[in-house]
Amino acid sequence: MFARISDTARRRLAGCLILFAMLAVAAGLLGLPVSPSMAGVGYWGAALLLWPGLSRRNRLQALVLLLVGAMCLVVSAWLGAEVSVSRLLSSNTGLLSMLVAVSFLSLVSRPNDEQEERLPRGKGAVASTLGAVHLFGSVINLSSVFIIGDRLARRNSVSREQAIVLIRGFTAAAFWSPFFGAMAVALSVAPHARLSRLWLVSMPLALLAMVLTFYQLSRPTSPKQSRPPAAPITDFVGYPLHLGGIWLPALLAIAVLVLHQLWPALSILAIITLLAPVFSLSVLAAGKRSPLAAIGRLTAGRLPQMGNELALFLAAGVLAYGLETLLSSWGGSLPLEHFGATEASLTYLAIVLLSLCGIHPIVGIALAGSVLTPLEPDHTLLALVFLSSWAIGTATGPLSGINLAFQGRYGIDSFAIMRWNSSYLMLMSASVVAAIWLLARMLGVQ
């Protein structure tokens, strides 16, 4: 049926379905009588429309997740469990709606890409580039990396050092940003996580990731320590960070916390889903720009580019529901009695190890969530595990989305990126494990 539709029309229709699904979820959050299945139908319909344009790797991964999830549901039904079609359709729709809502922020927040501005050089340029890609990435996600990367690129490529700065600076935002896909995934599994407590540990981890990157690139290295040999830090060409670029991430983060305190019944996920579009459209209207025209551009442009996220997250939702139903049907018990710092550390290491094997962190998170739910873990501690595994796993995994995107856009081998980040992986993992134990003590988790 879809084969008869032109590619442009297919993408525009998919964008409309994605917007419709997000609005259906938002209406439900506001208390309107909207069935969760409506959003599910919209997202699944958009995923089918965008399926032909997905990469072979993403299609294969989604099919594997769907197949395993479906097999779990079939076995569960055979064991007498009731499989809810509504639950199956609506799995991860809240998470996807937050990602769609966050895409509205790209309408009002973009790094300054004035071509006539002179680019900074040296150690200061490393610091300013880390700050710029981190702050803008925390709000508008992956698009910020390529806006800045394209500005820095020479002959359609970036240097080893520039790639390291852009990838690490961006993925470090997963530690804390409420507008990052990692937070959406973490809060979908651990909805009762306390963000104020979580940030006391996760924000220092993000800062440490950038300080470590700055230190590693700034110290002198011999040609044998890196392949290709590291360029002198004085030759590093970076991106300027303006004070005007800080206000939006700071304002949005404060707004999320304040609204969560005023309406504690609303989850962080729900607050972001409602806040991001309203904030973005209000800024556009205040600047005398047409919100309707902006929505039209978003529907035709950014939203149809979410095919990979749709396929992966919907398939992961089927897998998570299948595993949850199967474990419940078997009635078996885990060889664990509680979820403490030791179990949290092992879970983090397992998800990162899967990332190094080419499995996206969302799959590891879905598996861990299904297995650990019966233990009734502390959601704040669980969220730290998930955010940390995403931040480190996507920076170092050779088949993560950002590393594959760098390979396709700038011709940098993703396995080379994994090697460049190997010391970062070990040092940051040790720091994450220490942070897990610290947070567990703060929360009183035995």
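Checked against the criteria, Ala270 counts as modelled with pLDDT of 75 or more, touching a Gly at 6+ places or on another chain (Cβ under 8 Å) and over 30 Å from Lys123 (Cα atoms).
Within the range 276-327, the residues that satisfy the criterion of being closer than 29 Å to Thr373 by Cβ, hydrophobic (A, V, I, L, M, F, W, C) and within 21 Å of the chain's Cα centre (by Cα) are Ala276, Met306, Leu310, Ala311, Leu312, Phe313, Leu314, Ala315, Ala316, Val318, Leu319, Ala320. All conditions in (1) out of contact with any Lys or Arg (no Cβ under 6 Å at 6 or more places or on another chain); (2) surrounded by fewer than 16 Cβ atoms within 10 Å (Cβ to Cβ); (3) at pLDDT below 90 hold for Ala184, with the sole exception of (2).
Filtering Gly69, Gly94 for residues that are touching a residue at least 60 places away in the same chain (Cβ under 8 Å), small (Gly, Ala, Ser), surrounded by 15 or more Cβ atoms within 10 Å (Cβ to Cβ) and more than 30 Å from Leu275 (Cβ to Cβ) leaves a single hit, Gly69.
Applying the selection to the range 407-446, what residues are among the polar types (S, T, N, Q) and either under 19 Å from Ser159 (Cβ atoms) or touching a strand residue (DSSP E or B) at 6+ places or on another chain (Cβ under 8 Å) (or both)? Within the range 407-446, Gln407, Ser414, Asn421, Ser422, Ser423 meet the criteria. For the range 237-252, a tally of residues being modelled with pLDDT under 75 and crowded, with 18+ Cβ neighbours inside 10 Å returns 3.
One residue stands out in the range 356-397 among those that are outside any helix (DSSP H, G or I) and under 19 Å from Ala440 (Cβ atoms): the one that is farthest from the chain's Cα centre (by Cα), namely Glu376.
Reported count of residues in the range 82-107, each being under 20 Å from the mean Cα position of the chain (by Cα) and on the phi < 0 side of the Ramachandran plot, is 17.
Filtering the range 248-271 to residues that are within 15 Å of Val102 (Cβ to Cβ) and of a type in the set (Val, Ile, Thr) leaves Val256, Ile268, Ile271. Within the range 280-290, is there a residue that is buried (at least 18 other Cβ atoms within 10 Å of the Cβ), aliphatic (A, V, I, L, M) and closer than 30 Å to Arg56 by Cβ? Checked the range 280-290: no residue is buried (at least 18 other Cβ atoms within 10 Å of the Cβ), aliphatic (A, V, I, L, M) and closer than 30 Å to Arg56 by Cβ. What about Leu50, is it surrounded by fewer than 20 Cβ atoms within 10 Å (Cβ to Cβ) and either at pLDDT 90 or above or in contact with a Leu (Cβ under 9 Å, 6 or more places away or on another chain) (or both)? Judged against the criteria, Leu50 is not a match.
Scanning the range 145-170 for residues that are at pLDDT below 80, closer than 27 Å to Arg219 by Cβ and not aliphatic (A, V, I, L, M) yields Arg151, Arg154, Ser157. Residues that are surrounded by fewer than 20 Cβ atoms within 10 Å (Cβ to Cβ) and touching a residue at least 40 places away in the same chain (Cβ under 8 Å) within the range 425-438 comprise Leu425, Leu427, Ser429, Ser431, Val433, Trp437, Leu438, listed in sequence order.
Per-residue answers, yes or no, for (1) in a loop (DSSP other than H, G, I, E, B); (2) β-branched (Val, Ile, Thr); (3) modelled with pLDDT under 80:
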position: Ser328; (1), (2), (3): no, no, yes
position: Leu336; (1), (2), (3): yes, no, yes
position: Ile351; (1), (2), (3): no, yes, no
position: Leu354; (1), (2), (3): no, no, no
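The values are calculated or read from the model by the stated rules, or taken from the named source; none is laboratory data. Quick caveat, the model's predicted, so the values are computed rather than measured. Using ideal geometry, Cβ is built from the backbone for each residue, glycine included, and neighbour counts are taken over all protein chains shown.
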